[in-house]
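Enquirer: Sending over a structure as structure tokens; questions will come in a sec.
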Amino acid sequence: GNSVTQMEGPVTLSEEAFLTINCTYTATGYPSLFWYVQYPGEGLQLLLKATKADDKGSNKGFEATYRKETTSFHLEKGSVQVSDSAVYFCALSGSARQLTFGSGTQLTVLP
Amino acid sequence: EPEVTQTPSHQVTQMGQEVILRCVPISNHLYFYWYRQILGQKVEFLVSFYNNEISEKSEIFDDQFSVERPDGSNFTLKIRSTKLEDSAMYFCASTRQTSTDTQYFGPGTRLTVL
């Protein structure tokens with residue numbers, strides 16, 4: 001079946017540091033890949049997505065590239081802000097439409 | 001911007017009681033989902049719903065669970081006889097149609113079973 005393996009947290013960075021959160025997946029066929037973010041006390045919000053190999057999703061300075069050869073979709077941001085503190089979830093959607101999530105990575109950015 | 005809403009935000013119940021969690025998906029969306037997140041664990045798929053019937057369900061979604069779209073706007077999850085292990089955050093989501101469409105999530109209902 002489908003699965004997503006995500007870098008364990010928590011991750012603590014200083015403001016303006018570079019962020020990478022690793023995500024690899026196992027899936028049959030050609031899944032779509034997503035990063036969702038959960039701010040404290042809120043629901044899951046889509047951060048970015050990519051629907052085919054070599055696509056790059058980007059939003060709010062975050063980027064992730066769909067790498068079929070390495071089955072990865074790592075999240076990056078060049079300069080994090082305190083407001084980026086949240087839990088980040090990597091997820092995939094296969095032919096069955098439901099999302100399969102990774103375990104989530106708690107990011108804390110210190111001023 | 002349209003959003004998915006869920007009520008209540010927090011539900012406390014006694015073991016063995018029935019609970020109904022409510023969701024209002026985005027109005028022009030056609031596919032609806034329930035997920036749950038036990039504290040400290042992954043977000044897990046429960047069930048998907050399309051055209052007034054269940055499309056898919058996970059192993060978690062046993063006979064104690066049911067879903068319904070009682071009218072044109074609400075989408076409900078019922079747990080018939082709650083167990084301690086049902087304590088979790090339950091998220092509703094909806095999407096317009098295809099598998100590549102974004103699933104929009106509600107803020108969740110925290111269910112606590114005592």
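The values are calculated or read from the model by the stated rules, or taken from the named source; none is laboratory data. As the structure is a computational prediction, the values presented were derived from the model and not from experiment. Because the Cβ atoms are built from the backbone with ideal geometry, glycine has one as well, and the counts that use them run over all protein chains shown. For accessibility, only protein heavy atoms count, side chains too; no ligands or nucleic acids. Shrake-Rupley method; radii C 1.70, N 1.55, O 1.52, S 1.80 Å.
Enquirer: Output the number of residues of segment B:36-59 satisfying the condition of being of a type outside the set (Asp, Glu) and not in a strand (DSSP E or B). First the steps, then the outcome.
Expert: So in segment B:36-59, the residues of a type outside the set (Asp, Glu) come out as B:36-43, B:45-52, B:54-55, B:57-58.
If we keep only those that are not in a strand (DSSP E or B) too, we end up with B:38-42, B:51-52, B:58.
Final tally of qualifying residues: 8.
Enquirer: In addition: What strands (runs of 3 or more DSSP E) completely inside segment B:60-114 contain at least 2 residues that are within 12 Å of chain A (Cβ to nearest Cβ)? Give the derivation first.
Expert: Working: elements: B:65-68, B:75-79, B:88-95, B:109-113.
So the answer is B:88-95, B:109-113.
Enquirer: Does any residue of segment A:58-73 turn out to be touching a His at 6+ places or on another chain (Cβ under 7 Å) and at pLDDT 95 or above?
Expert: As a first pass, look at segment A:58-73 and keep what is touching a His at 6+ places or on another chain (Cβ under 7 Å): A:64.
Next, from what is left, pick out any that are at pLDDT 95 or above: A:64.
So far as segment A:58-73 goes, yes, one or more of its residues are touching a His at 6+ places or on another chain (Cβ under 7 Å) and at pLDDT 95 or above.
Enquirer: Could you identify the single residue in A:Gly29, A:Gly57 that is open to solvent by 30 Å² or more (accessible area, probe 1.4 Å) and either of a type outside the set (A, V, I, L, M) or away from chain B (no Cβ under 14 Å) (or both)?
Expert: Details: A:Gly57 fails: open to solvent by 30 Å² or more (accessible area, probe 1.4 Å).
The conditions single out A:Gly29.
Enquirer: Hey, among the residues in segment B:56-73 that are of a type in the set (Gly, Ala, Ser) and either open to solvent by 60 Å² or more (accessible area, probe 1.4 Å) or closer than 30 Å to A:Pro10 by Cα (or both), which one's modelled with the highest pLDDT?
Expert: Looking at the filtered set, the residue picked out is B:Ser58.
Enquirer: With the structure loaded, tell me whether A:Tyr66 is in contact with a Phe, Trp or Tyr (Cβ under 7 Å, 6 or more places away or on another chain) and more than 10 Å from every other protein chain (Cβ to nearest Cβ) or whether it fails that test.
Expert: Values: in contact with a Phe, Trp or Tyr (Cβ under 7 Å, 6 or more places away or on another chain): yes; more than 10 Å from every other protein chain (Cβ to nearest Cβ): yes.
So A:Tyr66 fits the description; yes.
Enquirer: On to the next question. Taking B:Gly108, is it on the phi > 0 side of the Ramachandran plot and either within 14 Å of the chain's Cα centre (by Cα) or among the aliphatic types (A, V, I, L, M) (or both)? Show your work before the answer.
Expert: Values: on the phi > 0 side of the Ramachandran plot: yes; either within 14 Å of the chain's Cα centre (by Cα) or among the aliphatic types (A, V, I, L, M) (or both): yes.
The answer is yes for B:Gly108.
Enquirer: If you check A:Lys52 against the conditions, is it more than 14 Å from every other protein chain (Cβ to nearest Cβ) and at pLDDT below 95?
Expert: For A:Lys52, the condition - more than 14 Å from every other protein chain (Cβ to nearest Cβ) and at pLDDT below 95 - is not met.
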